[in-house]
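The values are calculated or read from the model by the stated rules, or taken from the named source; none is laboratory data. Quick caveat, the model's predicted, so the values are computed rather than measured. Cβ coordinates were reconstructed from backbone atoms using ideal geometry, including for glycine residues, and neighbour counts include every protein chain displayed. The accessibility values were calculated without ligands, DNA or RNA, using every heavy atom of the protein model including side chains. Shrake-Rupley method; radii C 1.70, N 1.55, O 1.52, S 1.80 Å.
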Amino acid sequence: MITIRPIQKSDDSYLKKLVQDSLKAYQLDIPGTAYFDPELAHLSDFYKLKAGRQYFVAINSFQEVVGGAGIAEYDVQNKVAELQKLYIDKKAQGHHLSYQLLDQALRFAKEFGYQQVYLETHHNLETAIHVYKTYGFTELTKPLKEAEHSEMDHFFVMSV
């Protein structure tokens, strides 16, 4: 059984490893990706820093973190949030956990007052692209504004 809850400080080191291991597996352990994000070692602090941010973690029956996804401000003036760092541990893949995390993240975005959720990903992450399309995100031809992660080459948006 999976439980989804907000991030806790004790999750930080595992989530950093999950994000970096996942990116490395797809040859994305390079500058211009989340692999080198300065907040990666302290995600709980980053998401508690401002209202309008939240990171959700998925916990299995052994109380292990097996995934996570975050929402943070992207374009406050236009009420656009960004979906950030959606990653699932290999041992938890194939059980629609991404969709459960998306449900939580988008519910938070809507409740906070965001009108759209934007995300950036990479063509190497074919499963992620499939998930976003299946969930109902619309693919864009370019980023909404200058991309923070310059290596990302697929962009999506969804109204909430």
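Give the number of residues within the stretch 1-38 that are more than 20 Å from Lys90 (Cβ to Cβ) and aliphatic (A, V, I, L, M).
2
Restricting attention to the stretch 1-35, report how many residues are within 16 Å of the chain's Cα centre (by Cα) and basic (Lys, Arg).
Looking only at that region, the number is 3.
Mind listing whichever residues of the stretch 1-44 are touching a residue at least 60 places away in the same chain (Cβ under 8 Å) and among the basic types (Lys, Arg)?
Across the stretch 1-44, there are no qualifying residues.
All but one of (1) β-branched (Val, Ile, Thr); (2) in contact (Cβ under 8 Å) with a residue 40 or more places away in the chain; (3) within 27 Å of His154 (Cβ to Cβ) hold for Ile59; state the number of the condition that does not hold.
Ile59 satisfies all of (1) β-branched (Val, Ile, Thr); (2) in contact (Cβ under 8 Å) with a residue 40 or more places away in the chain; (3) within 27 Å of His154 (Cβ to Cβ) except (3).
So in the stretch 150-160, with the set limited to residues that are assigned to a loop (DSSP other than H, G, I, E, B) and crowded, with 18+ Cβ neighbours inside 10 Å, which one is modelled with the highest pLDDT?
Step one: of the stretch 150-160, the residues assigned to a loop (DSSP other than H, G, I, E, B) are 150-153, 160.
Now restrict to residues that are crowded, with 18+ Cβ neighbours inside 10 Å: 152, 160.
Numbers: Met152: 85, Val160: 95.
Here the residue is Val160.
So, in the stretch 60-82, of the ones that are aliphatic (A, V, I, L, M) and open to solvent by 10 Å² or more (accessible area, probe 1.4 Å), which residue ends up farthest from His130 (Cα to Cα)? Break it down into steps so the answer makes sense when it comes.
Taking the stretch 60-82 as the starting set, the residues that turn out to be aliphatic (A, V, I, L, M) are 65-66, 69, 71-72, 76, 80-81.
Imposing the further condition that a residue be open to solvent by 10 Å² or more (accessible area, probe 1.4 Å) reduces the set to 65, 76.
Numbers: Val65: 23, Val76: 28 Å.
Filtering the stretch 60-82 for residues that are aliphatic (A, V, I, L, M) and open to solvent by 10 Å² or more (accessible area, probe 1.4 Å), the one farthest from His130 (Cα to Cα) comes out as Val76.
With respect to the numbered conditions (1) in contact (Cβ under 8 Å) with a residue 60 or more places away in the chain; (2) touching a Lys or Arg at 6+ places or on another chain (Cβ under 7 Å); (3) aromatic (Phe, Trp, Tyr), which one is the sole condition not fulfilled by Tyr47?
Tyr47 satisfies every listed condition except (1).
Condition first: open to solvent by less than 60 Å² (accessible area, probe 1.4 Å) and assigned to a loop (DSSP other than H, G, I, E, B). Now tell me which residues in the stretch 114-136 satisfy that.
Tyr114, His122, Asn124, Leu125, Gly136
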